[in-house]
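The values are calculated or read from the model by the stated rules, or taken from the named source; none is laboratory data. Not measured: the values here are computed from a predicted model. Note: ideal-geometry Cβ built from the backbone for every residue, glycine included; neighbour counts use all protein chains shown.
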Amino acid sequence: MAQIVKQPLGLYKANCYVLKESGQAIIIDPGFHAHKVWDMVGDDQLLAIVLTHGHCDHICAVDGVRHIKPVPVYMHPGDDELLHTKRRMPSAYKGLCQSPYIPLHEGPLEIGPFKLFIFETPGHSKGSVVIQWGQHIFTGDTLFKNSIGATNNYNGDAAVLAQSLQRIMSWDPQLIIHPGHAEDTTLETELIHNHYLKA
């Protein structure tokens, strides 16, 4: 039976998600505390790590997770500098991410039993993506409940994010949104209440 396990981790309480199906698992955005991420995986076989973007609060446990099991990491190459450049990280996050990654681009992504679809949604960062799994979308810091991601950070662009949001507005309103921070929501709810999604 398919399952989504969620836990906010680290200084900025970034949501880490573990997708589970048929005894196998994928981690989305292991931000901090690798031991807690592994607790979320439990007895399932970990297949991969998929990143919605490269900001520090979403990637700082990547190396720690892979120290236990060196699974592949997927990330959009638009955020390469964010993944590897220490000066782009707050002082609370001391280390660089040393793990290599497989470049993500728009289109289907199959990992074991997981049939995902990757949408390129730049704006919060150049390499931001939305990950779809069935009726669930993992939006990283592109779209939150009643809000959107910041663009005044390095690698952000408000005009580009507006274009990405326009695209998201055309998707199935029944999609369940699992954001990079705070509570889950639905696209239908956001189309009604999120003033950033007003046409």
Query raised in the report: Filtering region 157-175 down to residues that are in contact with a helix residue (DSSP H, G or I) (Cβ under 8 Å, 6 or more places away or on another chain) and either hydrophobic (A, V, I, L, M, F, W, C) or in a strand (DSSP E or B) (or both), which residue is surrounded by the fewest Cβ atoms within 10 Å (Cβ to Cβ)?
Result: 171
Report task. State all residues of region 1-57 that are closer than 29 Å to residue 122 by Cβ, free of Cβ contacts under 8 Å to residues at least 60 places away in the same chain, outside any strand (DSSP E or B) and β-branched (Val, Ile, Thr); if no residue qualifies, say none. Result -> 37
Report task. Check region 161-182 and report whether any residue there is touching a strand residue (DSSP E or B) at 6+ places or on another chain (Cβ under 8 Å), among the acidic types (Asp, Glu) and at pLDDT 95 or above. Result -> no
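Going through region 94-138 one residue at a time, which ones are polar (S, T, N, Q), touching a helix residue (DSSP H, G or I) at 6+ places or on another chain (Cβ under 8 Å) and surrounded by 14 or more Cβ atoms within 10 Å (Cβ to Cβ)?
99, 121, 125, 128
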Query raised in the report: Quick one: is residue 119 over 14 Å from residue 27 (Cα atoms), among the hydrophobic types (A, V, I, L, M, F, W, C) and outside any loop (DSSP other than H, G, I, E, B)?
Result: yes
